[in-house]
Amino acid sequence: MNLRHEALRFIREQVGDGGIGYATSLTALEEEYDTSMESLVETLEAEFGVELSDELLVDVETVGELCNLIARADE
């Protein structure tokens, strides 16, 4: 399993909805699933051993883009 897919699986587990996909917006996670982006990012950083700076996160709009960042940060 690639890291991008593992990150998606982890996000689904954290949010509690298996229907979340790469195209799901981060705004939807915050509003529809009552998910704190700050908390989610901290959890992702701890789980995958990466650091996602605010500069990298500022342009991220979807779950897929966040998963891509995690995969790139691990390289």
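The values are calculated or read from the model by the stated rules, or taken from the named source; none is laboratory data. None of the values given here were measured: they were computed from a predicted structure. Cβ placement follows ideal geometry from the backbone for every residue including glycine, while neighbour counts extend to all protein chains displayed.
Data for the structure
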{"item": "Scan of the stretch 1-32 for residues that are of a type in the set (Asp, Glu) and in a helix (DSSP H, G or I), ordered by number", "result": "Glu6, Glu13, Glu30, Glu31, Glu32"}
{"item": "Subset of the stretch 3-44 [of a type in the set (Lys, Arg) and touching a residue at least 60 places away in the same chain (Cβ under 8 Å)]", "result": "Arg4"}
{"item": "Failed condition for Ser25, given (1) modelled with pLDDT under 95; (2) farther than 16 Å from Glu6 by Cα", "result": "(1)"}
{"item": "Residue in the stretch 62-69 that is at pLDDT below 90 and among the small types (Gly, Ala, Ser) present", "result": "no"}
{"item": "Boolean, Ile20 is β-branched (Val, Ile, Thr) and closer than 11 Å to Cys67 by Cα", "result": "no"}
{"item": "Search result, residues across the stretch 45-64 that are part of a helix (DSSP H, G or I) and without any contact (Cβ under 8 Å) to a residue 24 or more places away in the chain", "result": "Glu45, Ala46, Asp54, Glu55, Leu56, Leu57"}
{"item": "Ile70 out of contact with any Cys (no Cβ under 8 Å at 6 or more places or on another chain), in contact (Cβ under 8 Å) with a residue 60 or more places away in the chain and surrounded by 12 or more Cβ atoms within 10 Å (Cβ to Cβ)", "result": "yes"}
{"item": "Number of the condition not met by Thr35 [criteria: (1) assigned to a loop (DSSP other than H, G, I, E, B); (2) among the β-branched types (Val, Ile, Thr); (3) modelled with pLDDT of 95 or more]", "result": "(3)"}
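Residues are listed down the side, and each one gets a yes or a no for (1) within 20 Å of Asp59 (Cβ to Cβ); (2) surrounded by 15 or more Cβ atoms within 10 Å (Cβ to Cβ); (3) more than 12 Å from the chain's Cα centre (by Cα):
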position	(1), (2), (3)
Asn2	no, no, yes
Ala7	yes, yes, no
Gly16	no, no, yes
Gly21	yes, no, no
Leu26	yes, yes, no
Leu29	yes, yes, no
Glu38	yes, no, no
Glu42	yes, no, no
